[in-house]
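A short worksheet on the structure shown next.
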Amino acid sequence: MIKKHLLPLMLLLLNTYFAQAQIVQEVCPGVFKITLGKPDTFTPERFREELPQVSALRQLPAGKLPFNLTDIKINFNPRGTIIELPLSGDEQLYGFGLQMGSFRQNRLRKVPVVNDYPSNDLGYSHAPVPYYVSNKGYAVLVNTAKYTTFYCGGNQPKQGGPASKNNSSDTTKLTVQDLYNSTATSAGNMLVDIPGVNGIEIFVFAGPDMLTAVQRYNLFSGGGAMPPLWALGIKYRVKADFKDTDVYKTTDYFRKKQLPISVIGLEPRWQTAAYPCSFAWNPDFFPYPAKFIAQLKSQGYQVNLWEHAFVSSSSPIYQALLPQSGNYLAFNGLVPDFASAKGRDIFAQYHQDKLVDIGISGFKLDECDNSDLRFGSARWSFPELSQFPSGIDGERMHQVFGLLYQKTIYNIYKKLNQRTLLDVRSSGALAAPYPAALYSDTYDHAQYVEQISNTGFSGLLWSPEVRESSSFKELARRSQTAILSAQTLYNSWYLQNPPWLQFDRDKNNKGILLPDAEQNEATIKKLLNFRMQLIPYLYEAFHKYQQDGYPVFRALVMDYPSDEHVFEVANEYMIGKSLLAAPIVGGADTRDVYLPSGNWYNFNTNEKYTGGKSYRVNFKLDDIPLFVKEGTILPLAAPIQFTDNKTVFHLTCSVYGKKVDNAYLFEDDGISFNYLNAKCNNIELTIDGAKVKMKRKGTYVQKRYVIDRTTIIP
């Protein structure tokens with residue numbers, strides 16, 4: 001038996017041993033791994049599906065860090081692992097995944113833990129990532145699936161010597177807020193607390209600037225996601241109890257009114273059981289699934305199915321998954337062991353044979369986060385103490401469950417050489433290659449905009465879906481945000497009619513439409529048509545994301561890391577290289593917009609603004625809340641209702657300013673992974689006098705782009 005008085009000495013000797021054994025490796029260009037002790041078996045990096053894009057990493061500027069890697073301290077104690085990373089006093093910190101309620105993370109205590117209803121600024125999230133990025137030009141990933149706490153500066157260790165005169169205040173506090181207000185200062189290092197582990201890996205991504213550091217993170221993950229062309233259109237989820245005949249009525253309405261809807265999503269009732277899931281078609285609602293899908297595809301629609309991963313005893317895969325699942329249930333269904341290749345294979349093979357092979361183009365992967373940790377009554381998911389055949393426990397499984405669920409479904413399509421875009425309610429670290437847009441049951445519009453900015457730091461995509469609203473004005477404002485995001489989605493799972501015809505839920509379901517429904521429809525149609533016009537620009541931006549790790553949607557601070565005016569700007573964001581989005585939330589018709597250095601144009605009026613200033617700007621309900629950077633060639637397509645393998649985009653190229661940079665387009669079949677084998681074209685757009693011309697380079701034969709006209713905007 002070890003005597004208690006010897007325990008501190010033994011821990012000191014243990015720390016000394018591990019400090020000597022600390023290993024630092026440059027595992028990819030500009031990516032450094034620090035290893036101490038024996039790392040966990042189940043980590044995000046070990047579950048990574050795609051290999052790092054080493055050739056693309058080599059093309060980035062030489063890596064640079066504002067500190068020495070030896071300044072990172074790792075210690076073990078009876079609690080677990082403690083990491084201390086250097087911070088400077090003027091450093092601005094961001095990241096931690098899909099964060100709600102916070103943007104700049106300085107001086108906060110962040111606990112990036114998966115939770116089905118994120119709130120406040122603690123870090124609970126649908127997509128927690130133990131990772132942060134600094135405007136000083138680097139990013140850090142702590143490679144763990146344990147529940148981890150980050151203290152983002154402000155914690156001062158005690159000092160020896162005489163007592164400081166400034167460590168207390170003689171001022172009497174007269175309010176509770178003043179009494180408990182944080183005393184954290186801007187000084188102090190990043191502290192990371194990982195209970196229950198005695199080994200860790202840390203990945204450090206060098207800049208030299210903030211955007212390059214994020215590119216390295218995305219490329220190390222395997223490169224950004226590349227969705228199919230059709231996924232850049234509009235998705236509409238129908239009411240949960242719709243039968244095939246109800247769906248036909250809705251899709252016929254869209255085509256009759258020339259509303260550009262590309263994807264139809266079916267909600268839970270398509271199955272014989274949904275909580276938990278059977279994954280078997282409900283014959284009373286969809287008696288001929290293959291015929292139903294074929295009918296919709298003949299009208300230009302893709303079909304997406306809602307599900308979650310918990311398996312009903314009535315499911316055809318129940319018996320096969322019984323030994324390949326956790327020892328506790330969720331929603332009274334089996335929890336597949338997605339950490340096991342065998343568990344993933346059983347789940348995936350059924351989906352391929354029964355659903356994908358008859359034409360299902362994607363899935364909505366629901367409930368793959370944890371039940372709400374804010375309330376003791378929230379108990380629908382499996383407990384953290386669960387055990388799985390692979391050896392992973394419930395805590396770590398919760399943190400990676402959404403990632404592994406995406407991996408399981410995505411690999412079906414990849415094996416079939418088909419691209420997809422999934423909906424998912426949980427994700428995590430190193431998820432950039434997965435074509436999956438996050439969503440949430442929360443519905444705060446301001447937070448939905450903020451999350452577009454936040455996800456760009458962490459290799460994630462976010463869908464600020466539109467449901468019902470308190471007014472048509474709110475619905476239009478939410479639609480303006482949706483068309484300027486990774487996925488434009490209307491979720492009408494409890495609405496009989498589209499929400500622009502009646503925003504009130506009860507009246508909608510009774511068929512009582514708004515008196516100005518037709519006018520509202522025209523407003524929404526204009527917004528949706530702009531989304532379809534933007535597809536060529538977005539497709540190129542996603543190609544750059546896949547190839548170079550360059551985030552499509554990102555906060556202004558990533559492009560302007562030294563501009564203190566954007567350090568806390570989360571309600572504006574960049575789209576690609578040249579567009580700045582500034583949605584309006586709430587009931588106002590105007591908002592303040594800060595435009596960074598350079599000159600910018602209001603997309604709606606072509607009014608020119610000098611950067612480095614804030615402006616009060618008005619946007620009507622059918623306007624596009626967008627600014628274009630001077631020097632841009634912006635290719636916009638004539639609106640179409642959907643895309644297919646024969647689609648040709650007829651472009652109007654708007655040229656903003658006199659000194660113009662070349663622009664680019666990406667051309668391929670739009671649906672397969674053949675572009676990875678060079679079956680594609682890269683198109684360069686150049687200004688020649690008063691016209692924009694195209695120069696193709698590549699082997700793809702079909703021409704998807706034709707320039708109809710050029711507009712010069714001085």
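No value in this document is a laboratory result; all are computed from the given coordinates. No experiment lies behind these values; they were computed from the predicted model shown. When we count neighbours, we look across all protein chains shown, and the Cβ atoms used for this are built from the backbone with ideal geometry, even at glycine.
Classify the range 633-713 as rounded, prolate or oblate, taking a ≥ b ≥ c as the square roots of the eigenvalues of its Cα gyration tensor: rounded when a/c is under 1.5, otherwise prolate if a/b is larger than b/c and oblate if not.
oblate
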## Note on the structure
Using alpha carbon centers only, the range 538-562 is separated from the range 643-681 by a whole-angstrom value of 17
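Going through the range 356-387, which trypsin sites (Lys or Arg not before Pro) have at most 15 other Cβ atoms within 10 Å and a DSSP loop state?
ARG374, ARG379
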### Query
One-quarter of the Cα convex hull surface for the range 571-714, in nm²?
10.1
### Task
Find out how many positive minus negative residues lie around THR610, taking Lys and Arg as positive, Asp and Glu as negative, among other residues whose Cβ is under 13 Å from that of THR610.
+1
## Note on the structure
Residues meeting the amide H criterion for LEU93 (H placed from the backbone, H to H distance under 5 Å, 5 or more places apart or on another chain) are GLN105, ASN106
### Query
Near PHE666, within a Cβ-to-Cβ distance under 14 Å, what is the net charge of the other residues, with Lys and Arg +1 and Asp and Glu -1?
+3
### Message
Contact order normalised by length for the chain, with contacts defined as Cα pairs under 8 Å and 6 or more residues apart; what percent is it?
### Response
13
## Note on the structure
One would report the Cα pair-distance distribution of the chain, bin width 20 Å, in %, as 17, 51, 28, 4, 0
### Query
How much of the DSSP beta bridge set in the chain is antiparallel, as a percent to the nearest 5?
70
### Query
Rg and Dmax of the range 553-629, using alpha carbons, in Å: what are they?
11.6, 34
### Query
Dimensions of the range 507-577 along principal axes (Cα, Å, largest first)?
52, 29, 19
